[in-house]
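Below is one structure, written out as structure tokens; the observations come after it.
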Amino acid sequence: MPAIALVAAGARLGLSLGKIFGGHGFDVALIARSTERLGELTGKLAAEGVTAAGFPADVTDRSALAAALDSAAGRFGGIGVLHYSSPGAGTTETLRGTRALDVTVDNLQPQIECICYGAITATRTVLPAMLAAGAGTLLYTTGASSVTPAPVFASAGMAGAALRKWALTLNSALASGGIYAGHVAIGTWIAGAPGAPEGAALKKPALLYRSLSTTVTRLFTITTTRRSPYRKVLLSLGVKPVRIGYFQAA
């Protein structure tokens with residue numbers, strides 16, 4: 001089975017997804033800036049019996065990101081699933097403190113670079129092989145402000161909303177080719193993530209993808225096509241199809 005590439009992989013959501021997909025027989029390609037972090041993540045996945053390898057790249061360095069994905073495809077014989085999840089530029093406190101009246105071209109541009117341009121670069125790198133194979137999965141994760149406007153995270157939410165719009169239209173454009181694109185909007189604080197407000201409810205990262213069918217707070221919106229060759233994996237994680245061509249958890 002081809003690999004899943006986790007771009008901007010971290011010690012919480014990225015590691016959790018590596019374990020989940022690795023448990024379903026996927027090889028795992030981890031892409032992140034820190035070589036040290038990649039070593040830690042691959043070691044933890046190896047301890048779970050998952051075949052994984054790290055490929056260092058910054059999502060804002062487009063040539064390096066494309067080269068890392070090409071190396072991952074060469075290492076594992078192809079990329080069957082791409083998951084892109086850049087939280088944006090800056091600290092959580094800085095992102096949360098950016099309100100609508102604080103948005104400028106200067107503080108929005110880095111969010112566009114990290115969240116949108118990186119996703120486009122990663123997608124365009126892996127998509128030709130997916131089109132040739134007639135199968136593939138593209139998953140993009142952002143914060144909930146990309147779907148529901150919030151008084152905080154304004155700049156990151158704007159960039160996430162742009163990515164979500166592209167992902168949904170990309171899904172339609174690719175549907176006939178056996179490839180799907182899905183967007184996941186996370187509307188909760190992940191346990192262990194820095195910058196969580198005091199008293200905030202925390203969710204374990206593994207549960208975010210395992211309990212989609214039971215959550216009542218609309219933590220996610222996932223849009224995919226039914227034709228995906230990885231539909232069984234999504235179904236096993238609790239994602240239920242609610243109408244033709246789409247999956248949604250509410």
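Is it the case, given these coordinates, that Ala66 is more than 19 Å from Ala185 (Cβ to Cβ), in contact with a Ser or Thr (Cβ under 6 Å, 6 or more places away or on another chain) and of a type in the set (A, V, I, L, M)?
Yes.
Residues that are in contact (Cβ under 8 Å) with a residue 60 or more places away in the chain and under 19 Å from the mean Cα position of the chain (by Cα): which strands (runs of 3 or more DSSP E) entirely in segment 17-85 hold 2 or more of them?
Correct list: 79-84.
For segment 21-31, give me each residue that is over 11 Å from Ala53 (Cα atoms) and surrounded by 20 or more Cβ atoms within 10 Å (Cβ to Cβ).
Answer for segment 21-31, where residues must be over 11 Å from Ala53 (Cα atoms) and surrounded by 20 or more Cβ atoms within 10 Å (Cβ to Cβ): Phe21, Gly22, Phe26.
Out of (1) surrounded by fewer than 24 Cβ atoms within 10 Å (Cβ to Cβ); (2) under 17 Å from Phe76 (Cα atoms), what's the single condition that is false for Ser63?
Ser63 satisfies all of (1) surrounded by fewer than 24 Cβ atoms within 10 Å (Cβ to Cβ); (2) under 17 Å from Phe76 (Cα atoms) except (2).
Computed from the coordinates by the stated procedures, all read-outs in this text should not be read as laboratory data. Predicted model only: the values in this text are computed from it and were never measured. Neighbour counts run over all protein chains shown; Cβ positions are idealised from the backbone, glycine included.
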